[in-house]
Amino acid sequence: MSRRTRLGLFALAGPGLAAVLVLGFLGLPAFGDYHGVYGLVVNGVELTQRSATDMVTALNFDLRAFDTLGEEFILFASVLGVALLLRHTPDEDERLAAAEHGIVGASDAVRVLSLLLIPLLIALGVYIVLHGALTPGGGFQGGIVLAAAPATILLAGRYVALKALAPDWALETVEAIGAGAYVLLGLGGLIFAGVYFKNFLPGGIAGHLLSAGFMPLNSVAVGLEVTGSFLIVWTVFLDQALLVRRRGEPL
Amino acid sequence: MTVLQIVALAVVVLAGTTVTLVGDPLRQTFVLGVYGLALMLLFFVFQAPDVALSEIVVGTIGLPLIIVAALRKITARERARGEPEDEG
């Protein structure tokens, strides 16, 4: 199909789609207009019974913790697939010539600023993970911020330094511990409270770090798993881009 | 709908269109980072801070890092085989 035919089809279909979309959007209720019941129930229950103040994380890790289990293992399975696809095959070898694996042309300003960012990222990531049930954020968001901290080593220095600090076995261990801990917390609900993933720890005082039952523990487990997953994906891709060469191919 | 929300929507529309109109994949990656920031602003202005936090990290580090690494591998392999680089 030639480009002119494509553009002609778009000139016919585009305005029709635009008209339907505009009609649809004009019929939407106003922003913030809520007619449901479930949201109000969640707001009431989560604050009084579980002392959680961040309702989104409370839904993720307490009321709908089983759905989050599925999401965590979607992440786990997709990282498994990526690592399997990009694994080192026997006809590839690693070239660890260290001088080639810094970012070429990075100025000293980039390196120094990246170095200063690393402790800030770690602090922010730990803060977001631990305050999962209290402030916006939680395990997933804090986990990626934590994963960004070693990735900044790539900007501040050389890729081999990142590999030395975050070797494959450490990342896989961290990810597996996170995934397993999340499943075991659900089992804790089954053992101590009779229902899988029921919140079996006491609620505590709203606003304290150790409150809202097992939500902080869930948050830490998810944070560990997400950190490990994202670092595995990034190192697998960067391995292929910077380290691995098929026999006979130049860098 | 406040003015800030309408402005955020307009910025997202502009950034998204720009991403598709940029030709070179490497340049598209940087515009994708800007698009991620625009989306983050949109989510924040529409009172969804959790989603905004996820979007910041995934859109500025998670996705561009993978794309840049994959692009480097592809162009290095094409250069090694002597084929002309794809300008698409």
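The values are calculated or read from the model by the stated rules, or taken from the named source; none is laboratory data. Here the structure is a predicted model, which is why all the values come from computation and not from measurement. Please note: Cβ atoms are built from the backbone with ideal geometry, for glycine as well, and neighbour counts cover all protein chains shown.
Is there a residue in region B:68-82 that is surrounded by 13 or more Cβ atoms within 10 Å (Cβ to Cβ) and away from every other protein chain (no Cβ under 11 Å)? Give the derivation first.
So in region B:68-82, the residues surrounded by 13 or more Cβ atoms within 10 Å (Cβ to Cβ) come out as B:68-78, B:80.
Next, only the ones that are away from every other protein chain (no Cβ under 11 Å) stay: B:78.
The answer is yes; a qualifying residue exists.
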Original post:
Residues in region A:211-225: is at least one in contact with a Phe, Trp or Tyr (Cβ under 8 Å, 6 or more places away or on another chain), more than 13 Å from A:Gly132 (Cβ to Cβ) and crowded, with 18+ Cβ neighbours inside 10 Å?
Top reply: yes
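State whether one or more residues within region B:27-41 are within 16 Å of the chain's Cα centre (by Cα) and among the polar types (S, T, N, Q). Outline the logic, then answer.
Narrowing region B:27-41 to residues within 16 Å of the chain's Cα centre (by Cα): B:27-41.
Right, trim to among the polar types (S, T, N, Q) and you get B:28-29.
Looking for residues that are within 16 Å of the chain's Cα centre (by Cα) and among the polar types (S, T, N, Q), one finds at least one in region B:27-41, hence yes.
Before we move on, is B:Leu9 buried (at least 19 other Cβ atoms within 10 Å of the Cβ) and either of a type outside the set (S, T, N, Q) or at the interface with chain A (Cβ under 9 Å from one of its Cβ atoms) (or both)? Spell out how you get there, then give the answer.
On the way: buried (at least 19 other Cβ atoms within 10 Å of the Cβ): no; either of a type outside the set (S, T, N, Q) or at the interface with chain A (Cβ under 9 Å from one of its Cβ atoms) (or both): yes.
No: the conditions fail for B:Leu9.
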**OP:** Please specify each residue of region B:37-67 satisfying the condition of being within 18 Å of A:Ala83 (Cα to Cα) and at the interface with chain A (Cβ under 8 Å from one of its Cβ atoms).
**Re:** B:Gly62, B:Leu65, B:Ile66
Original post:
Can you tell me which residues in region A:128-151 are surrounded by fewer than 24 Cβ atoms within 10 Å (Cβ to Cβ), in a loop (DSSP other than H, G, I, E, B) and more than 8 Å from every other protein chain (Cβ to nearest Cβ)?
Top reply: A:His131, A:Leu134, A:Thr135
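So, in region A:6-18, how many residues would count as being over 22 Å from B:Ile6 (Cβ atoms) and away from every other protein chain (no Cβ under 14 Å)? Steps first, please.
Our first condition is that a residue be over 22 Å from B:Ile6 (Cβ atoms); within region A:6-18, this holds for A:6-16.
Retained after the next criterion (residues that are away from every other protein chain (no Cβ under 14 Å)): A:6-9, A:11-13, A:15-16.
Counting residues in region A:6-18 that are over 22 Å from B:Ile6 (Cβ atoms) and away from every other protein chain (no Cβ under 14 Å) gives 9.
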Original post:
Going by the conditions given, is A:Leu115 modelled with pLDDT under 90, hydrophobic (A, V, I, L, M, F, W, C) and either surrounded by 11 or more Cβ atoms within 10 Å (Cβ to Cβ) or within 30 Å of A:Asn43 (Cβ to Cβ) (or both)?
Top reply: yes
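Just to be sure before I move on: is A:Leu243 surrounded by fewer than 21 Cβ atoms within 10 Å (Cβ to Cβ), out of contact with any helix residue (DSSP H, G or I) (no Cβ under 6 Å at 6 or more places or on another chain) and either more than 14 Å from chain B (Cβ to nearest Cβ) or closer than 22 Å to B:Pro64 by Cα (or both) in the structure I sent?
No, not satisfied.
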**OP:** Give me a count of the residues in region A:209-240 that are away from every other protein chain (no Cβ under 11 Å) and touching a Gly at 6+ places or on another chain (Cβ under 8 Å).
**Re:** 17
Subject >> Pairs with Cβ under 7 Å, 6+ apart, first in region A:19-33 and within 12 Å of chain B (Cβ to nearest Cβ), second part of a loop (DSSP other than H, G, I, E, B) >> reply: A:Phe31/B:Met1
